[in-house]
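The values are calculated or read from the model by the stated rules, or taken from the named source; none is laboratory data. All values derive from a computational prediction rather than experimental measurement. So basically every Cβ, Gly included, is an ideal-geometry build from the backbone, and we count neighbours across all protein chains shown.
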Amino acid sequence: MTYLEAIALAIIEGITEFLPVSSTGHMVIASTFMGISENALTKNFEIVIQLGAILSVVVLYWRKFFTSFKFYLKLAFAFLPAAVAGVLLGDYIDILLESIWVVIATLFLGGIVLIFVDRWFKHAEGTEEQEISWFQAFKIGCFQCIAMIPGVSRAAATIIGGMTVGLNRRTAAEFSFFLAVPTMLGASAKKMMDSYKTIQHHDVAILLLGSFVAFVVAMFAIKAFIGFLKQHGFKWFGYYRIVLSVVLAIVAYLMKIQM
């Protein structure tokens, strides 16, 4: 992996991690078409840039992380379903990650869902801050499990889950950001423990660069997303996903990329 490739992937991660477009899907797509082979460095790189993106949430919403212990308990409660599913289904998820066609299919189907989400949840147009109950937190966590399928989008699944239990768009989106912290920390910690011994000294600079770029880009992406969501809703993300999936399907077919 070159420094230019590292910057490109980190920018993609920073932009897409908290948007309902699937950061994992975009990373699989970018790596495939950039010809970046799967090795120890790329696996560790994906972990490190996720941690950089996570840090942007903590910095932007630092007051929320110092409110009360109950806040952390609710996050842990919401994280529980994904933790269990990750342990039970980890091997199957890794297999799905290897297929760009899985990503193409879920991008397309998820795009159709997002086009109609605003009509389904008209109650979610308010912007006032809402208190999230234990039941709501757990149900959102269950929705997060759907996002283990590459291309679904963790952000889309959890935000829609939040609106399903009665939250407005802003509260649902912000809780999605908060829930990303324990979710990605847990997943990243497990992967890091499995692969940290493979990190070479000359790879450290690439890892640090990627983490920093993802952190900075994610800061701007989160702020822009909240403003865009209040004004326009989800439909444009749906259109984007559909167009992207069709273009990718054509390109993948022409490049004879196997299922």
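So, in region 17-44, of the ones that are at pLDDT below 85 and charged (D, E, K, R), which residue ends up surrounded by the fewest Cβ atoms within 10 Å (Cβ to Cβ)?
Among them, the one singled out is Glu38.
Given the conditions (1) modelled with pLDDT of 90 or more; (2) out of contact with any Gly (no Cβ under 6 Å at 6 or more places or on another chain), and given that Phe215 satisfies all but one, which numbered condition is not satisfied?
Going through the list (1) modelled with pLDDT of 90 or more; (2) out of contact with any Gly (no Cβ under 6 Å at 6 or more places or on another chain), Phe215 breaks only (2).
When you look at Ile47, is it β-branched (Val, Ile, Thr) and modelled with pLDDT of 90 or more, yes or no?
no
For residues in region 1-35 being over 29 Å from Phe178 (Cα atoms) and touching a residue at least 40 places away in the same chain (Cβ under 8 Å), which is nearest to the chain's Cα centre (by Cα)?
Across region 1-35, the extreme among qualifying residues is Thr32.
Would you check which residues across region 159-210 are at pLDDT below 85 and among the hydroxyl-bearing types (Ser, Thr, Tyr) and list them?
Thr183, Ser188, Ser195, Tyr196, Thr198
Would you check which residues across region 150-159 are β-branched (Val, Ile, Thr), in contact (Cβ under 8 Å) with a residue 60 or more places away in the chain and not in a loop (DSSP other than H, G, I, E, B) and list them?
Ile159
Any chance region 232-239 includes a residue that's crowded, with 16+ Cβ neighbours inside 10 Å, part of a helix (DSSP H, G or I), at pLDDT 90 or above and of a type outside the set (Phe, Trp, Tyr)?
yes
Has region 127-149 got any residue that is basic (Lys, Arg) and either modelled with pLDDT under 85 or outside any helix (DSSP H, G or I) (or both)?
The answer is no, given that none of the residues of region 127-149 is basic (Lys, Arg) and either modelled with pLDDT under 85 or outside any helix (DSSP H, G or I) (or both).
Restricting attention to region 45-55, and to residues there that are over 22 Å from Ile159 (Cα atoms) and within 13 Å of the chain's Cα centre (by Cα), which single residue is surrounded by the most Cβ atoms within 10 Å (Cβ to Cβ)?
Ile49
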